[in-house]
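Notes follow once the structure below has been shown.
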Amino acid sequence: MSPDSEEARKKGVGVGEAADLYGSIEQAQEFGYVERGLKSRHIQFIALGGTIGTGLFLGIGGAFAKAGPLAVLLGYTFTGCAVYAMMQCLGEMATWMPLPGAIPQYCSRYVDPALGFAVGWNYWYSCAITLCAEISAASVVIGYWKEDQKALVAAWITIIILLIIALNIFAVRIYGEAEFIFASIKIITIVGLLLMAFILDLGGGPNHQRLGFHYWKDPGPIKQYPKDVAGPTGRFLAVFSTLVQAAFSYGGVEMVAIAAGEAENPLKNIPKAVRRVFWRILFFYVLGSLAVGVLVSSNDPDLLSDRPGAYASPWVIAIKRAGIRGLDHVINAVILTSATSSANAFLYTGSRYLFGVAQNGHAPKVFLTCTKAGIPIWCVAITAIVSLLSYLSVSSGANSVFLWFQNLVTITQLFTWVSICIAYLRFRAALVAQNVDRNRLVFKSKWQPYTAWFALVYFTIIIIFNGFVVFINGHWTVQDFLIAYINIPIFVILYLFWKVLKRTRFVRAEESDIWSGKHAVDNEVWPDIQPRNVWERIWFWIA
């Protein structure tokens with residue numbers, strides 16, 4: 001098939017899906033529609049690299065210093081299990097109905113339009129603020145080379161904003177290629193760091209110091225948190241305190257489902273990516289948190305340093321303690337590309353969420369307008385405008401702004417994950433009520449509905465108790481309380497606003513719309529490309 005005919009075929013698919021979803025081909029042609037321009041390797045590497053961000057390279061150091069190595073390992077492992085359970089739910093819905101920015105649409109169709117409104121605007125806000133957090137993190141990283149250079153910080157913020165806008169306003173395949181490159185850098189780096197941790201732990205570094213699990217013995221595997229709470233209670237709270245940091249680090253794991261609406265052959269490529277979530281969590285985060293725990297003492301003064309950039313990264317601290325010259329600059333550069341990659345991904349995700357909100361009728365129809373290349377241009381523009389808040393880093397200090405943004409957005413992510421679990425439980429009920437055999441599903445998630453209930457309860461507990469420290473005598477601050485709990489009333493207000501304004505009702509399982517937009521996807525035939533040799537077979541397995 002020639003490139004021109006292939007392009008025409010993709011445009012036809014987009015118009016067909018839009019007509020199926022909007023109800024008429026006239027509306028589809030009026031607004032345009034996103035195109036399926038993300039190839040299999042784009043989807044797999046977005047899935048692989050989407051969860052590797054500043055949380056793993058930079059933010060983990062604060063949790064490590066506060067709670068200790070075993071606490072961090074347990075926190076990342078427990079949260080990883082809940083994230084895996086949530087992704088099983090999302091994977092099943094996303095392969096049944098691969099829509100752009102689909103989560104608010106699932107909530108509207110299967111639960112209540114008011115929940116779709118709340119989760120849509122809540123997650124768009126979350127993506128927009130996380131975009132600012134990642135740009136602020138990038139400006140923190142720049143300070144590793146040039147401290148206290150406000151003009152330099154402002155210049156880099158400008159460069160990053162312009163770069164990610166450029167990657168998002170042209171064809172989606174350009175975004176896919178950028179993320180493919182960024183993800184490759186992050187994956188190679190984290191694999192290298194894990195190998196380095198293994199070598200240093202066994203005494204293979206320049207100083208030949210064998211570490212073993214020395215730092216688990218002194219100062220101990222789990223610290224007291226807060227320090228004035230002693231005994232088992234202090235150790236339990238230390239472990240619990242790591243859950244919020246772990247949730248921030250895992251933020252973005254759902255991007256692969258959001259990209260489903262622009263993926264080629266989504267019925268094949270999305271299940272492939274979702275099935276690998278477990279191994280991504282195990283390899284990158286569980287092994288990563290274990291590696292950090294054997295490399296650096298949780299009492300290392302540099303972990304809580306106010307100095308910018310990679311000074312407080314446990315990976316860089318380990319490299320410097322081992323006497324490896326120059327590698328800290330390489331890691332700092334990777335953290336910079338990682339922050340830029342995450343900012344790029346959250347601009348994409350936020351714009352597609354806003355597009356999904358508009359498809360639900362929860363935002364002005366102007367946000368449905370797409371360019372000829374299938375880009376929802378006004379959604380990208382509005383989300384990009386929020387990134388200007390990143391300039392707060394210039395006057396308030398990049399590190400403090402990054403931490404403020406990080407704490408603020410974590411709970412919004414948790415609300416989205418809770419909403420996914422609720423939507424799945426109602427989706428499952430709709431399948432039963434409408435006599436759809438689960439064996440008909442392209443991707444059938446495991447151990448349901450128990451995995452959905454486990455993730456739902458787990459994330460709800462973190463939302464309710466994430467600000468526990470402020471209720472301990474002597475630790476109350478208005479700022480910490482607001483950061484921990486301001487998002488709860490925001491979400492409730494969004495839900496009640498739409499509930500009262502539109503007098504929406506809960507969707508009965510037998511009335512759930514599990515069919516609109518599905519016909520065009522199911523009837524599309526994608527070319528089945530077979531590997532021609534052993535190298536292509538290996539590459540096709542990876543990507």
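A compact table of results
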{"quantity": "Assigned charges on the beta-carbon of Lys, Arg, Asp, Glu; the stretch 34-510 dipole about Cα centre (debye)", "calculated": "1180 debye"}
{"quantity": "Rh (Kirkwood; distinct C-alpha pairs) - the stretch 34-510, Å", "calculated": "22.6 Å"}
{"quantity": "Phi to ³J(HN,Hα) by Karplus 6.51 cos²θ - 1.76 cosθ + 1.60 over the stretch 339-347, Hz, x for Gly, Pro", "calculated": "5, 5, 4, 5, 4, 4, 5, 6, 5"}
{"quantity": "Given K186/K217; K268/K365; K39/K186; K39/K518; K272/K372; K39/K372, the pairs whose alpha carbons are separated by over 22 Å", "calculated": "K186/K217; K268/K365; K272/K372"}
{"quantity": "The stretch 114-233: mean projected area of Cα convex hull, nm²", "calculated": "14.0 nm²"}
{"quantity": "Share of carbon and sulfur in the accessible heavy-atom surface of the stretch 34-510 [1.4 Å probe, %]", "calculated": "68 percent"}
{"quantity": "More than 17 Å apart - percent of Cα-Cα pairs taken over the stretch 268-381", "calculated": "72 percent"}
{"quantity": "HN-Hα J in Hz across the stretch 175-192 - Karplus 6.51, -1.76, 1.60, θ = phi - 60°, x for Gly and Pro", "calculated": "4, x, 5, 4, 5, 4, 5, 4, 5, 4, 4, 5, 5, 4, 5, 5, 5, x"}
{"quantity": "Chain lengthening between W447 and V330 when straightened (0.36 nm per residue, less Cα-Cα)", "calculated": "37.9 nm"}
{"quantity": "The stretch 109-124 - phi-based ³J(HN,Hα) in whole Hz, Karplus 6.51/-1.76/1.60, Gly and Pro as x", "calculated": "6, 9, 10, 6, x, 5, 5, x, 4, 5, 6, x, 6, 4, 6, 4"}
{"quantity": "FRET efficiency for L162 and D437, using Cβ-Cβ distance with R0 set to 56 Å, rounded to 0.05", "calculated": "0.65"}
{"quantity": "Scaled radius of gyration (Cα, divided by 2.2 N^0.38 Å) that the stretch 167-270 gives", "calculated": "1.63"}
{"quantity": "Accessible-area value, W378, 1.4 Å probe, nucleic acids and ligands omitted, Å²", "calculated": "130 Å²"}
{"quantity": "Residues F471 and S516, FRET efficiency given R0 of 41 Å [Cβ-Cβ distance, rounded to 0.05]", "calculated": "0.35"}
{"quantity": "1.4 Å probe accessible area per residue over the stretch 83-128, in Å²", "calculated": "8 Å²"}
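The values are calculated or read from the model by the stated rules, or taken from the named source; none is laboratory data. Please read all numbers here as calculations on a predicted model, not as lab measurements. As a convention, Cβ positions derive from the backbone with ideal geometry for all residues, glycine included, and neighbour counts pool all protein chains shown. Protein only, heavy atoms only, side chains kept; ligands, DNA and RNA dropped before computing areas. Shrake-Rupley method; radii C 1.70, N 1.55, O 1.52, S 1.80 Å.
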